[in-house]
Amino acid sequence: MRHGVLRSSHTPQPSFSRGQVSTCVRVTFTARAGHPADANVSRRRSQTHVLPALLAAPATTMTGRAEATTSFNAILPATAHRAGVVPRSSATSSGASFAGFLRLCPRLRFMAENRSKWSGPNRAGILCALHEPPMPGQHLAGLNPPQQEAVETLSGPLLVLAGAGTGKTRVVTCRMAEIVSRGVSPSAICAVTFTNKAAKEMKERVRKTVRLGKKKLQTMVVSTFHSLGLRILRDHGHHLGLRKGANIADESDQLSIMTDVMRESGLARTVIRPNDARWKVSLWKNQGLRPDDALESAELGVESTLAVAYGRYEAELRRQGLLDFDDLILRPLDLFKEAPQVLRGLQDQWHYLLVDEYQDTNGCQYELIKAIGGARRNICCVGDDDQSIYAWRGADPERVLRFTRDFPGAVVVTLEQNYRSTGLILEGANRLITTNTQRREKKLWSALGRGEPIELYIAEDEKDEVDFVTTRAMLLGQKEAMCWEDCAILFRANSQCRPLEQALRARQIPYKVVGTRSFFDRREVRDLLSFVRLAKNPADDAALLRIVNVPPRGIGKSSIDKVLGWAAEDRASAWSTMKRRADDLPARARDGVRSLEEIVTTIEELARVEGVTPAISWLTEATQYRDHLRQTVDDALELQTRLTIVDELEDTARTLEATSGKASLESFLDTLALREQDFGDKEDQSDGITLLTMHAAKGLEFPYVFIVGMEEGILPHRNSIGSEEDDAPDDRAIEEERRLAYVGVTRARQRLFLSYARERTRFGRTVKRTMSRFLEELGLDTLHVTDSTDDTPADPEVGREMLRKIRSRFSGGGPSNVDSETVTDTKGAPDSGAAAPTKKAAWWESMDD
DNA sequence: TAGTCCTGAGTTTTT
DNA sequence: CTCAGGACTA
Ligand SMILES: Nc1ncnc2c1ncn2[C@@H]1O[C@H](COP(=O)(O)OP(=O)(O)OP(=O)(O)O)[C@@H](O)[C@H]1O
């Protein structure tokens, strides 16, 4: 078959989007041999490139089933080898390498999974190879010998220590399946992960692996550490004197409480910013240091004053019946001391504990798990010291290496085969990580062939960089039939996300953002939830203060101060005091208190009787929150955004109750506080490119990965580099950054695109940037580099550089020309606009257009 | 009490 | 540059 250009002749739907192509898009496959540009394309494509293109054609043009199967059978082994995906010896249509090969073909996978009409003999085989593991009940079949050993080691401490993509998580899920298949009740299993995303992913994998009904399955605990801690506190917190309605303090509550206690402790915000103070206190808590311990270990001066403030902070939280995130881990430990019978109960309940990403557990989390493991010590941890990226939060990168000391007699299993990435990606990752000195040496190899080289794009500026990403992504959609959902864009900091979103939106490429906290941190959400919090826990002064006069109801600053004064005298909560002594306030304020009281009690009643959804709807009505917004927000677009946020909050309640039945205010607030549920009603995880930080990406994988901002100052982050005057750069910090880069790189299965910008506009100033040291360490000479200005190596001569810039502005594509390949194809398939996949722009996205 | 204007600080990563 | 929070005035 000749190479050619895929051109959609009917709907502008050149890219392939799962779930959208129920009817075949007609694609003409035009051979373009002889075109001057083709020589270039062919040469470049002679590696794996050709493969997806070939597969894309039959998938869209074929109608007959027989044709489909024969074509696949004919093409697969040969092409696979030619493409370098599978070594010749294993390039057959059966066995593990076939599976590996299939995983690299999103299009094929899509067909096998979604086109029920296609039922050729290979379908079962393909599905079998793709699904994880092959079929429910056959979980052992998809494992290599060391994995099997780990899965079958069912008693005593077990550590799986292995590099990225070696199937550690698969071990965890299959081990759970194995436990269940031996007749153990799923309720005896508790699996813990670090992030919501990972927990969700694991639940999904378990669901596919275990042969169990939904009911039974739900008795199995698969959750994050924090949600596990909260569960324990909710069930048994009364032993600690924990108030029934204890609320979870969000970041801004923590901040305002911290600001208060700092003032009381005589700690000026110029000395240490409240946010930094909060951060430091959180670190103490994560290390398991109580206020006394902190005071003892603190250096004299600011730190010891802060330790005092820490004590007050804790007291204040307790007074208001609040828990901060760290308490969710810390307080269960107190509980176990206070009420050993509770611990014994848990030990009896969970006979099997599993911890994913063990390298990220901090001191307290370790204690928690160890305690629940008890004498049975039936703890299975999987991890990779090279992927430890949470030291800043109290995790100890060496903890995973200490496992055998912490749990004497532990079985340790190591895995060496990487099933995720193609060779060149893996080699780069290995080169990068071996630069670290503090690490355990590991073997890591891949049988997936060399694959494509890692690509590096050197952009002119930040705009050029995002242009590159979107252009390249569209191209991959057109040429390689990339599903949007097979693609992810990774970045170091959340702030890098916005520009990407804008660019994607401009091209109408669908996307989804993972874990951005922006929804929950919106003022509208926090306001409305504060009413709910108050309804649940009248002692929650933080919540009261936020909404006491929102929307304005005549309770001004002086009234509030009065109430706070009385409350302090009586040692009572602000809300109860306010209600009790409303008559001592000015008439307007008194009326305000009465109406607030009415609102709060009604929320509670409504929620109790009818559920959260009506309670929230009623709340927005009763407070006339929407009208309030209409009055205070002038900008029409901004208003629209905020109104939609209110809608989305209602939808969130609705979604929660639709999936798990009538909910209590508590479970609603908890779910939101722990960010366990996506915001709004988008349970229908629409297809789209995934945008997420490298931290959030840990444990996930994508065939196509972009990593942006490969610059000194971003990755490694400048706070980790150490200041210029500082002679001793912080090696530990740099090594963590390097591990972070390693995590990012190892998310990619098939293609990896790195990029950085030569200059960036920050705070209105244009700043020159330099390439990340990690690029050098990955092996710059192995990267396929494309420069924004030219493909020839950068010329130091300034004049010529400028000339090039000018020239590129006039050459049709604008300054954002990607590599020659791109240009060629854009000509072939005239910009058909963004792919069809329509994504209704989510509410929060319309904000900054 | 509520709205407007101005200053100054901000960019790490998660629950 | 942009947004948030503080000071100031009606
Ligand atoms: N024995 C196996 N045969 C074929 N594929 C496998 C095998 N084990 C795991 N895989 C596949 O390899 C990929 C990586 O597996 P998994 O996510 O479990 O790795 P991991 O070690 O947890 O990675 P990370 O360290 O990045 O979290 C997955 O796509 C998984 O399906």
Which order do you get for A:667, A:755, A:558 if you rank them by accessible area with a 1.4 Å probe, largest at the top?
A:558, A:667, A:755
Given axes a ≥ b ≥ c from the Cα gyration tensor, I'd like to know whether the stretch A:404-520 is rounded (a/c under 1.5), prolate (a/b larger than b/c) or oblate.
prolate
In this structure, among A:443/A:479; A:214/A:337; A:557/A:579; A:203/A:698; A:443/A:512, pairs with alpha-carbon gaps over 25 Å are A:443/A:479; A:214/A:337; A:443/A:512
Using a ≥ b ≥ c from the Cα gyration tensor of the stretch A:247-320 (square roots of the eigenvalues), is it rounded, prolate or oblate, where a/c under 1.5 gives rounded and otherwise the larger of a/b and b/c decides, a/b for prolate?
oblate
For a test of the definition: using alpha carbon positions, the gyration tensor, and the 1.5 limit on a/c, classify the stretch A:326-400 as rounded, prolate or oblate.
oblate
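The values are calculated or read from the model by the stated rules, or taken from the named source; none is laboratory data. Computed from a predicted model, the values in this text were never measured in an experiment. Note: areas computed on protein heavy atoms with side chains; ligands, DNA, RNA excluded. Shrake-Rupley method; radii C 1.70, N 1.55, O 1.52, S 1.80 Å.
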